[in-house]
Amino acid sequence: MTSEPVPTEIRLRRSSRVLAVSFDDGSHFELPFEYLRVHSPSAEVKGHGPGQEVLVTGKEKVAISAVEPVGQYAVKLVFDDGHDTGLYTWKYLHELGREQAHKWARYLERKARAQPDARVAQGAHGVPK
């Protein structure tokens, strides 16, 4: 039986707006605050079962104000928008890092589909008309 990777270091980098996580398997991930917020493991985001996921938008400027350890298996991230539910287990943090490109691309696709008029309502240079 193989064990799940365990973080050897978790560093909150406020200026670059990432949570840097290094694991005992040698992997290292730089996880942006927005990415962590929109992929929160909380019921608010995940829902209460398959197919109940909620698309969270408008978190481009969200910050993490605290990282609180929870036992020997997770951290609770406290975001400056008041969100502080959902435990980021070591397994989930590793998954978020390992699958970051795929998960972020999927999030951007879902966001674009949910807000199709947002792109149309912008003129050149992305400035709203």
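Bear in mind that the values in this text are calculations on the coordinates, not laboratory data. Just so we're clear, the structure is a prediction, and the values are computed from it rather than from any experiment. Cβ sites come from the backbone with ideal geometry, for glycine too, and all protein chains shown count toward neighbours.
Tabulated values for the structure
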quantity: Per-region count, the stretch 2-18, residues part of a strand (DSSP E or B) and acidic (Asp, Glu); calculated: 1
quantity: Qualifying residue in the stretch 62-74 (condition: among the hydroxyl-bearing types (Ser, Thr, Tyr) and over 30 Å from residue 112 (Cα atoms)); calculated: yes
quantity: Residues (over 15 Å from residue 33 (Cα atoms) and of a type in the set (Gly, Ala, Ser)) located in the stretch 64-92; calculated: 71, 74
quantity: Residue in the stretch 67-82 that is in contact with a Lys or Arg (Cβ under 9 Å, 6 or more places away or on another chain), closer than 24 Å to residue 109 by Cα and not hydrophobic (A, V, I, L, M, F, W, C) present; calculated: yes
quantity: Filter result (within 17 Å of residue 63 (Cα to Cα) and surrounded by 14 or more Cβ atoms within 10 Å (Cβ to Cβ)) within the stretch 14-29; calculated: 17, 18, 19, 20, 21
quantity: Residues satisfying the stated conditions in the stretch 24-48, i.e. of a type in the set (S, T, N, Q) and over 12 Å from the mean Cα position of the chain (by Cα); calculated: 27
